[in-house]
1. Kindly report, to the nearest 10 Å², the accessible surface of HIS88 as traced by a 1.4 Å probe over protein heavy atoms only.
2. To the nearest 10 square angstrom, what accessible area does ARG229 show with a 1.4 Å probe?
3. Over segment 42-180, what is the mean sequence separation of C-alpha contacts under 8 Å (at least six apart), divided by residue count, expressed as relative contact order in percent?
4. In the set (i) 20.4; (ii) 17.8; (iii) 16.3, which value of mean projected area of the Cα convex hull in nm² was calculated from the structure you see?
5. With label points built 7 Å along Cα→Cβ from the Cα atoms of ALA204 and ASP228, find their separation and express it in nm.
6. Would you mind computing, in nm to one decimal, how far apart the modelled labels at GLU112 and ALA55 are, each placed 7 Å from Cα along Cα→Cβ?
7. Return one number: the angle in degrees, 0 to 90 and rounded to the nearest 10, between the long axis of the Cα atoms of helix 76-88 and the longest principal axis of the Cα atoms of the chain.
8. Probe 1.4 Å, all protein chains in place: accessible area of GLU78 in Å², nearest 10?
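The values are calculated or read from the model by the stated rules, or taken from the named source; none is laboratory data. Treat the numbers as computed from the prediction; the structure is a model and nothing was measured. Quick reminder, even Gly has a Cβ in these numbers, built from the backbone with ideal geometry, and neighbours come from all protein chains shown. Areas reflect the complete protein model, heavy atoms only, side chains present, ligands, DNA and RNA absent. Shrake-Rupley method; radii C 1.70, N 1.55, O 1.52, S 1.80 Å.
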Amino acid sequence: MAAFGLHEVLGDTGTNDQALSRPIHPKLVAHRRGPFRSSTGLLVTPDGGLNGDCADVIIICDIHLNHDDVLDGRWPAEIAWVHRHIDHGSLVCSTCSGAVLLAEAGLLDGAEAASHWTMADLFRDRYPSVRFRPERILCNSGRGGQLITTGGASSWQDLALYLIGRFCGADEAARIARLFLLGDRGYGQLPFASMARPRQHSDAVISRIQEWLVDHYDTSAPVAVMVDRSGLSERSFKRRFSAATGYTPVEYVQALRIEEAKQMLETEDMAIEDISAAVGYEDPTFFRRLFKRRAGVTPAQYRQRNRLRSLPR
């Protein structure tokens, strides 16, 4: 989607009779020189390989990744190609999970980075020095603005408008936005995110607490109850819980509660105050603040954007 969408949108830039900007000449390049099938079965025919002249801008599009994929040494040619462009002074961008290749190249260490929100656990475990920003759609990822990363799959649209505005001017970016009906995602991608997958672990005590919490997340003072049920000291429990799950106990409870609240907002007609109480928050004001911090929008906005509608019979 990103590769073909970017090619069409960027390729239309500067082609209007009234356009005052220079055109953009996009090319699709790949390590494989011949046609190949994408992970969705679409036939992809590159315009060229990776050994051509350096471009002004390169974009690493989304990568199909399975949970058990081995990443060590997976993209040596592509990473060398990216480093060549970095050294040349090119603008290097990624869309969606393409940021993983930049992280493997070591280019995001110590910097902020956006990617699809489902990549949060991978960045947490494999790239701990990268400051992952799951809420961001577009992110300046360092080197004086030479690295740009973007969020989920459709964030290529935001990247396209950013590039057109940066190189061709605001008027041309506005024209392209109108032509292709590229909309605003000012809320970011948090409204679409769900709880990141906790780490797999072998701590039986913490696993038992996690199983209990699935049905008891609305318990009053849940962390104190979790500590008591674990049989550990509070300090030992919190240390082991964070090591096993990647969350502090409080963050884990909050994530479970907000996920349940999202489901209720999508499917139930309950008042927001009642949903707040149902997931364990007696103070609806606190619940609204916490929900907006974790989801990027208020409960009312989330309900409006995500309410499931019954199909016509």
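1. Answer for HIS88: close to 120 Å² accessible.
2. Roll a 1.4 Å probe over it and ARG229 shows about 120 Å².
3. Here the relative contact order equals 21 percent.
4. (i)
5. That separation, rounded to one decimal, is 2.4 nm.
6. 2.6
7. Between the helix axis and the principal axis of the chain, the angle is about 70 degrees.
8. 50
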